[in-house]
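The structure under discussion appears below in the form of structure tokens.
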Amino acid sequence: MPPVEPLPTRWALPPAGHADGDGLVGFGADLEPGTLLAAYRSGLFPMPVPGLRHGEPELAWWSPDPRGVLPLTGVHVSHSLRRARRRFDIRVDTAFVGIVEACADPNRPGAWITPAVVGAYLELHRLGWAHSVEAWTSDNRLAGGLYGVAIGGLFAGESMFHARAPWGRDASKVALVALAELVSADGRAGRLIDVQWATPHLRTLGVVDVPRVEYLARLRSALSLPLPAAFSP
């Protein structure tokens, strides 16, 4: 079955172009499936920030300018990464919960994934919208991976991790390269992998900055495409 369309959001989300200089669009709303899908379809994504009240995180919505995008034909795969890929078996959606929980580990530097965020993406996964790409060792250990949301030809990456052990080295990079291969497998032009911000780490894999206006135009085109086969029922 195709992904289940949830009830529409009850919130009027601000346009992506209303972001401030840091890419912040606003606070509030909720993490219901309909709200999350409406946000991604309009160019927004959620990321809680430390709150001013009782220390509780506040739900914030973002639209950076520029936006980090992984070009499907521009992935950088070094010789060492090619060797690393041979150590791992790539799987899709066999350990979604494990991937999200590992990404949400509060001991990770810059941890931002709250229990509410975890619950929201587990529900999106149950409805068929959120997916994981996983790197497994030959002895069946989850070495790393990523998760995100697939809507038509858009894959909105949310977070990635690798096990803090020698056997987990490069696992998240391998998963990201595998994601690009899965998304582009049918050769259809116009698909889009959004990684939010182009960090120095992601730039080594080919992630580039795209102006917001260009990102939004590419997003509109991507949303009109069918899901990649890897994420289709």
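Every number in this text was worked out from the coordinates using simple rules, so none of it is lab data. Given the structure is predicted, the values throughout are model-derived calculations rather than measurements. Here Cβ is always computed from backbone atoms with ideal geometry, including for glycine, and neighbour counts include all displayed protein chains.
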remark   = Expected vector for the stretch 116-124, Karplus 3J(HN,Hα) from phi with 6.51, -1.76, 1.60 and θ = phi - 60°, integer Hz, x for Gly and Pro, equals 5, 5, 4, x, 5, 7, 5, 5, 4
query = So how do 23-36, 137-150, 187-200 stack up, highest first, on mean other-Cβ count within 10 Å?
reply = 137-150, 23-36, 187-200
message = Pairs of alpha-carbon atoms within less than 8 angstrom and 6+ residues apart define the contacts here; what relative contact order does the chain have, in percent?
response = 24 percent
note = Asserting the computed 222 nm helical MRE of the chain (DSSP H runs at least 4 long, -39500 (n - 2.57) per run, divided by residue count, to nearest 500) equals -8000 deg cm²/dmol
ask   = Could you give the alpha-carbon Rg of the stretch 112-189 over 2.2 N^0.38 Å, rounded to two decimals?
value = 1.17
key: Karplus-derived HN-Hα couplings along the stretch 61-68 (A = 6.51, B = -1.76, C = 1.60, θ = phi - 60°), whole Hz, x at Gly and Pro   = 10, 10, 8, x, 9, x, 10, x
remark   = Ser78 and Thr204 label points (each 7 Å along its Cα→Cβ direction) are spaced in nm at 0.5 nm
remark   = Among the Cα-Cα pairs of the stretch 16-62, the proportion with separation greater than 15 Å, in percent, is 44 percent
